[in-house]
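This report concerns only the one structure given below.
The values are calculated or read from the model by the stated rules, or taken from the named source; none is laboratory data. Quick caveat: nothing in here was measured; it's all calculated off a predicted structure. Methodologically, a virtual Cβ is constructed for each residue, glycine included, from the backbone with ideal geometry; neighbour enumeration extends over all protein chains shown.
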Protein chains: 2
Amino acid sequence: MKDRKLLMIPGPIEFTPEVLRAMGMPTTSHVAPNFIEVFGQALERLRQVFLSSSGQPFIVAGSGTLAMDIAAANLVEPGDKALVVDTGYFSERFTAILERYGATVTPVRAPVVGDAPSLEDVEAELKKDGYKLMTVTHVDTSTAVRADVKALTALGRKYGALVVVDGVCAVAGEEMRQDEWGIDLALTASQKAIGTPPGLALVVAGPRAMEAFRKRKTPVGNYYADWTNWLPIMEAYEARRPSYFGTPAVNLIWALNVSLGQILEEGMEARFARHRKLNEAFKAAIRALGLKQVPVSSDREATTLTAPYYPDGVDSTVLKRINEAGVILAGGLHPAIKDRYFRVGHMGAVSASDILTTVGAIEKGLAQAGYKFEPGAGLAAAQAILTG
Amino acid sequence: MKDRKLLMIPGPIEFTPEVLRAMGMPTTSHVAPNFIEVFGQALERLRQVFLSSSGQPFIVAGSGTLAMDIAAANLVEPGDKALVVDTGYFSERFTAILERYGATVTPVRAPVVGDAPSLEDVEAELKKDGYKLMTVTHVDTSTAVRADVKALTALGRKYGALVVVDGVCAVAGEEMRQDEWGIDLALTASQKAIGTPPGLALVVAGPRAMEAFRKRKTPVGNYYADWTNWLPIMEAYEARRPSYFGTPAVNLIWALNVSLGQILEEGMEARFARHRKLNEAFKAAIRALGLKQVPVSSDREATTLTAPYYPDGVDSTVLKRINEAGVILAGGLHPAIKDRYFRVGHMGAVSASDILTTVGAIEKGLAQAGYKFEPGAGLAAAQAILTG
């Protein structure tokens with residue numbers, strides 16, 4: 001009996017054996033030539049994964065919230081106006097972070113939880129005021145709502161705002177083309193679709209973002225996040241020169257470089273396509289089982305993540321049954337509906353078998369919880385797409 | 001032929017096989033019961049390693065500089081006066097960080113590089129002004145100078161200052177007794193004597209520090225470092241309850257808990273004694289080889305680290321020869337003398353064989369560089385103490 005459970009939460013996700021092996025390698029010096037080469041490669045590969053040929057990558061020890069903090073602290077000066085496209089819990093966190101560094105923030109909210117604000121509402125607000133910066137949460141990890149990053153970025157740029165995309169639950173899973181779409185800064189965390197254990201904040205800042213940073217009149221409010229400290233370090237590692245500000249998280253960066261290599265070997269287009277197909281299969285299973293989702297319509301649904309409501313008569317104790325059936329899922333996170341839904345992450349190294357295993361465990365849990373459905377209906381719906 | 005080199009720099013250090021195995025384990029959920037237990041244990045053990053029964057531990061993804069940032073951002077409000085006991089590069093970094101959050105900083109400097117300011121000079125300055133906070137760098141990683149933390153803390157407390165100890169190159173190697181000595185906040189980074197790969201900032205804040213935080217009139221300037229976000233999380237994990245603010249660095253925390261367990265199994269007193277003995281052996285070897293050190297006198301010398309000057313006629317290229325002989329050492333870091341000395345870390349899991357291997361490689365490198373000495377003199381001096 002294997003007792004290890006499949007981890008299908010929105011991060012940390014399942015990592016490849018090669019990535020885990022890199023994590024457990026004897027640590028070398030942060031200025032050893034072989035590590036400098038690895039860090040340099042990771043920076044170059046990060047740019048490729050973000051589809052940003054012109055961006056400046058930053059790899060810093062910390063969580064995804066640090067990546068948000070890095071974006072806000074370096075781009076915002078007291079008194080700046082910021083617009084937050086608010087799709088849930090993590091958009092609201094961005095509001096709090098931007099305000100911490102002195103921004104005046106206007107959130108444009110969705111009419112209901114599970115929806116996103118319309119392009120018209122966002123444009124109306126952009127027209128009203130001179131916004132220096134606009135943030136978009138690509139996939140809100142709390143609701144599985146996906147924002148239309150391409151259209152929103154075009155809008156933000158039209159009105160001269162720097163566009164910051166929180167891609168924590170998205171980058172390397174959802175389609176995102178930083179250069180082509182004109183995104184000024186995109187960020188993520190290592191433990192999501194980018195496939196490395198938690199502990200790294202990842203940021204790629206485009207030329208307009210770096211220019212806004214260079215033109216600052218006030219010091220960056222946050223010392224650890226300050227690009228003044230990190231930019232020379234990132235430039236040095238990419239030029240394969242030793243350098244020091246804070247000790248980099250050697251093992252995590254080694255693992256990140258392995259994962260980025262695997263991502264680029266698959267190819268970004270193939271990776272986007274695989275995520276789309278596996279997502280379609282999982283969503284079909286959820287619908288076949290009669291479960292509703294938090295996103296109000298299919299064009300609001302994320303590709304990396306699904307947030308189904310519990311069906312009538314079933315509550316969060318079903319997650320324990322699903323866990324006993326071998327799959328770890330996540331509970332709700334959005335305060336307004338926390339106890340009414342659960343979350344399933346399907347990103348990164350996720351495979352067709354993972355999808356079937358997960359649907360199988362959900363069916364088992366629901367059946368044990370007394371929910372009435374045709375056993376196998378979810379699996380059949382998923383399989384129809386997986387074999388299509 | 002084993003081609004792996006021994007890593008004897010002041011962090012990252014050599015980690016035990018058990019710690020590295022924990023790093024490479026399949027990652028679980030940050031709210032899985034087995035991880036909650038591990039995180040809770042790590043918090044409890046951190047308190048024991050800091051010899052602080054009353055302190056509040058914080059474990060946050062980031063580098064040692066983040067730990068300094070956490071201390072400064074949470075304790076300092078704009079206009080506060082801070083005294084920095086300045087023993088080198090990292091004391092100066094603390095000055096920069098404190099200033100970033102609005103403190104007016106007075107550094108009390110050593111007369112020369114390699115010395116520490118006298119207790120009299122520090123007391124004279126404490127008398128002059130009402131200092132809210134005083135920082136001491138236990139071991140300055142740039143110079144291997146150790147400050148007299150016990151006496152300095154007593155002084156700071158006498159004049160009502162909160163005493164913050166930067167123990168990055170010290171905690172779990174140098175003797176430090178947080179409660180007994182009255183230290184209000186001590187901090188370190190995972191990759192030093194605490195024996196875990198880089199990527200975790202570790203802080204233990206005593207009751208007076210927590211009270212100063214609770215009485216703040218202004219918000220903490222740094223969002224990611226803000227205890228308002230982290231305190232409920234640390235309390236929850238220690239109470240073995242699931243909680244979420246930012247995703248913890250699961251693998252690193254698992255590895256940290258293994259290392260803390262090994263440290264406590266050795267026992268703090270035995271650990272201090274082992275560090276003292278291995279340090280004496282290494283210092284004896286360095287003296288026997290005729291090398292001078294950056295610290296101006298033996299009572300300024302760290303236990304965890306040695307900073308020898310290159311002898312006449314030898315320059316930093318000798319480090320490459322020592323590396324070829326199998327041991328990785330670090331170059332100089334203090335700007336004033338950067339090219340004139342090197343650094344050897346001997347802390348954490350370091351053993352007598354590591355000391356002999358290192359002395360052997362240094363002898364080999366020096367001989368190849370044309371330096372005249374009696375081969376084996378360093379080894380004999382070390383061995384006399386190791387077998388004593």
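Take B:MET25 and tell me if it is surrounded by fewer than 20 Cβ atoms within 10 Å (Cβ to Cβ), within 10 Å of chain A (Cβ to nearest Cβ) and hydrophobic (A, V, I, L, M, F, W, C). Yes, satisfied. Note on segment B:70-103: residues that are over 15 Å from the mean Cα position of the chain (by Cα), of a type in the set (D, E, K, R) and assigned to a helix (DSSP H, G or I) total 3.
Residues that are within 14 Å of chain B (Cβ to nearest Cβ) and of a type in the set (Val, Ile, Thr) are absent from segment A:260-272. On inspection, B:ALA239 does not qualify as closer than 23 Å to A:LEU333 by Cβ, in contact with a strand residue (DSSP E or B) (Cβ under 7 Å, 6 or more places away or on another chain) and of a type outside the set (Asp, Glu). The residue list A:ALA151, A:ALA193 contains one member that is surrounded by fewer than 22 Cβ atoms within 10 Å (Cβ to Cβ) and not in a strand (DSSP E or B), which is A:ALA151.
Scanning segment A:53-104 for residues that are touching a Ser or Thr at 6+ places or on another chain (Cβ under 6 Å), buried (at least 24 other Cβ atoms within 10 Å of the Cβ) and within 27 Å of A:GLU235 (Cβ to Cβ) yields A:ALA61, A:SER63.
Residue-level analysis places B:ASP184 outside the set of residues that are surrounded by fewer than 24 Cβ atoms within 10 Å (Cβ to Cβ) and in contact (Cβ under 8 Å) with a residue 24 or more places away in the chain.
Taking the numbered list (1) more than 8 Å from chain B (Cβ to nearest Cβ); (2) more than 27 Å from A:LEU185 (Cβ to Cβ); (3) in contact (Cβ under 8 Å) with a residue 24 or more places away in the chain in turn, A:PHE35 passes all entries but (2). Residues that are within 10 Å of chain B (Cβ to nearest Cβ) and farther than 13 Å from A:ASP69 by Cβ were ranked within segment A:213-233; the one that is surrounded by the fewest Cβ atoms within 10 Å (Cβ to Cβ) is A:PRO219. Against the numbered list (1) within 14 Å of another protein chain (Cβ to nearest Cβ); (2) at pLDDT 95 or above; (3) in a loop (DSSP other than H, G, I, E, B); (4) surrounded by fewer than 24 Cβ atoms within 10 Å (Cβ to Cβ), A:LYS2 comes up short only at (2). Output the number of the condition that A:VAL19 fails; it satisfies all remaining conditions of (1) more than 20 Å from B:LEU6 (Cα to Cα); (2) β-branched (Val, Ile, Thr); (3) within 10 Å of another protein chain (Cβ to nearest Cβ); (4) surrounded by fewer than 24 Cβ atoms within 10 Å (Cβ to Cβ). With respect to (1) more than 20 Å from B:LEU6 (Cα to Cα); (2) β-branched (Val, Ile, Thr); (3) within 10 Å of another protein chain (Cβ to nearest Cβ); (4) surrounded by fewer than 24 Cβ atoms within 10 Å (Cβ to Cβ), A:VAL19 is out only on (4). Only one of the listed residues (B:GLU269, B:GLU280, B:GLU301) is among the acidic types (Asp, Glu) and closer than 14 Å to B:ARG146 by Cα. That residue is B:GLU301. Listed by first and then second residue, the pairs with beta-carbon distance under 7 Å, at least 6 apart or on different chains, first residue in segment B:67-92 and at positive phi, second part of a loop (DSSP other than H, G, I, E, B) and buried (at least 24 other Cβ atoms within 10 Å of the Cβ), are B:GLY88/B:SER142; B:GLY88/B:THR143.
If the condition is being more than 11 Å from chain A (Cβ to nearest Cβ), over 18 Å from B:PRO248 (Cα atoms) and not charged (D, E, K, R), then segment B:45-70 contributes B:GLN48, B:VAL49, B:PHE50, B:LEU51, B:SER52, B:SER53, B:SER54, B:GLY55. Quick check, is A:LEU289 over 18 Å from A:VAL168 (Cβ atoms) and more than 21 Å from the chain's Cα centre (by Cα)? Criteria met by A:LEU289.
Quick check on A:GLY102: is it free of Cβ contacts under 8 Å to residues at least 60 places away in the same chain and out of contact with any helix residue (DSSP H, G or I) (no Cβ under 6 Å at 6 or more places or on another chain)? No; evaluated as a whole, the condition is false for this residue.
Within segment B:242-286, the residues that satisfy the criterion of being more than 21 Å from the chain's Cα centre (by Cα) and not assigned by TED's automatic domain parsing to the domain that holds B:ALA349 are B:PRO242, B:SER243, B:TYR244, B:PHE245, B:GLY246, B:THR247, B:PRO248, B:VAL250, B:ASN251.
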